[in-house]
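Structure, as structure tokens:
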Amino acid sequence: MEIMKEIRLIKKGAEADIYLGKWFGRESVAKCRVKKKYRVPQLDLALRTSRTVQEAQLIHEAKKAGVPTPTLFLVDQMGTTLIMEYVEGEKIKDIIERMRYETARDVFRKVGRDIAMLHRAGIIHGDLTTSNMILTRGGQVVFIDFGLGSRSEKVEDKGVDLHLLKRALQSTHHKKAEECFQSVLEGYRLANDTSSEVIERAYEIERRGRYAIR
């Protein structure tokens, strides 16, 4: 972390701490995976290293697929740290309640289109919440935090990704959840040839959950 200047902690997470600072004079973010004392040290380092590398690869592959993500500046494997571009904008979670209907529909269509592009590239985000989507001043939706991401071509995994987004919307934006999710599906259908199968699987997963709860 000494390679960054003017560092300050902006988020402390279970798996990683997020710092804001200067990287060669440019405002940047460092994501540092934290040690777990309950794990064998060698295993802990191996896990943190592999997850750091995998997240970097997923961010890069998502960008290649046309999905806006932060630009990576450095992958520090030994320090299990990623240094990346600081994306100026607001988390969708913080602004959704004051969005007009037309604006929300446009934004969530973009979200759906970009999720479809991730899935076409075989990328599962794994943590699709409005906290991990930043709306820039130019109206671009930037996806962040691929720490729980993976690679998969399975319809089930893609369906789970959509289902988790729906649940996240329902838990944090209950009043607008349904209309926003329908806009997500509109965008998803436009950009994914297998959208019908994936969307049906997402609803099937939701029905399974309801049945299990009963």
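The values are calculated or read from the model by the stated rules, or taken from the named source; none is laboratory data. Remember, predicted model here, so these are calculated numbers, not experimental data. Neighbour counts run over all protein chains shown; Cβ positions are idealised from the backbone, glycine included.
Regarding Ala30, is this residue closer than 20 Å to Val142 by Cα, in contact (Cβ under 8 Å) with a residue 40 or more places away in the chain and not in a helix (DSSP H, G or I)? Walk me through it before giving the result.
Details: closer than 20 Å to Val142 by Cα: yes; in contact (Cβ under 8 Å) with a residue 40 or more places away in the chain: yes; not in a helix (DSSP H, G or I): yes.
Yes, satisfied.
Among residues of region 162-173 that are modelled with pLDDT under 95, those with a beta-carbon under 6 Å from a residue that is part of a helix (DSSP H, G or I) and of a type in the set (Val, Ile, Thr) at least six positions away or on a different chain give the pairs His173/Ile96.
Given the criteria among the polar types (S, T, N, Q) and either surrounded by 13 or more Cβ atoms within 10 Å (Cβ to Cβ) or touching a His at 6+ places or on another chain (Cβ under 7 Å) (or both), does Ser28 qualify? Criteria met by Ser28.
Given the criteria aliphatic (A, V, I, L, M), at pLDDT 95 or above and either surrounded by 16 or more Cβ atoms within 10 Å (Cβ to Cβ) or more than 24 Å from Ala14 (Cα to Cα) (or both), does Ala46 qualify?
Details: aliphatic (A, V, I, L, M): yes; at pLDDT 95 or above: yes; either surrounded by 16 or more Cβ atoms within 10 Å (Cβ to Cβ) or more than 24 Å from Ala14 (Cα to Cα) (or both): no.
No.
The single residue among Lys35, Lys11 that is closer than 18 Å to Val87 by Cβ and without any contact (Cβ under 8 Å) to a residue 60 or more places away in the chain turns out to be Lys11.
For region 179-196, the count of residues that are in contact with a strand residue (DSSP E or B) (Cβ under 7 Å, 6 or more places away or on another chain) and either crowded, with 18+ Cβ neighbours inside 10 Å or under 29 Å from Ala30 (Cα atoms) (or both) is zero.
Residues that are over 30 Å from Asp17 (Cβ atoms), out of contact with any helix residue (DSSP H, G or I) (no Cβ under 8 Å at 6 or more places or on another chain) and outside the structural domain of Ala65 (by TED's automatic domain parsing) are absent from region 155-166. Among the residues making up region 1-17, those that are surrounded by fewer than 16 Cβ atoms within 10 Å (Cβ to Cβ) and within 18 Å of the chain's Cα centre (by Cα) are Ile10, Lys11, Lys12, Gly13, Ala14, Glu15.
Checking Ile199, Ile144 one by one, the residue that is at pLDDT 95 or above, under 14 Å from the mean Cα position of the chain (by Cα) and not assigned by TED's automatic domain parsing to the domain that holds Pro68 is Ile144 and no other. Based on this model, can you work out whether Asp157 counts as more than 14 Å from the chain's Cα centre (by Cα), at pLDDT 95 or above and surrounded by fewer than 21 Cβ atoms within 10 Å (Cβ to Cβ)? Considered against the rule, which asks whether it is more than 14 Å from the chain's Cα centre (by Cα), at pLDDT 95 or above and surrounded by fewer than 21 Cβ atoms within 10 Å (Cβ to Cβ), Asp157 comes out as yes. Within region 13-33, the set of residues being under 24 Å from Gly149 (Cα atoms) and modelled with pLDDT of 95 or more comprises Ala16, Asp17, Ile18, Tyr19, Leu20, Ser28, Val29, Ala30, Lys31, Cys32, Arg33. Give me the pairs: first residue in region 80-94 and without any contact (Cβ under 8 Å) to a residue 24 or more places away in the chain, second residue part of a helix (DSSP H, G or I), beta-carbon distance under 9 Å, and six or more apart or on different chains, which are they? From residues that are without any contact (Cβ under 8 Å) to a residue 24 or more places away in the chain, the pairs are Asp94/Thr130; Asp94/Ser131.
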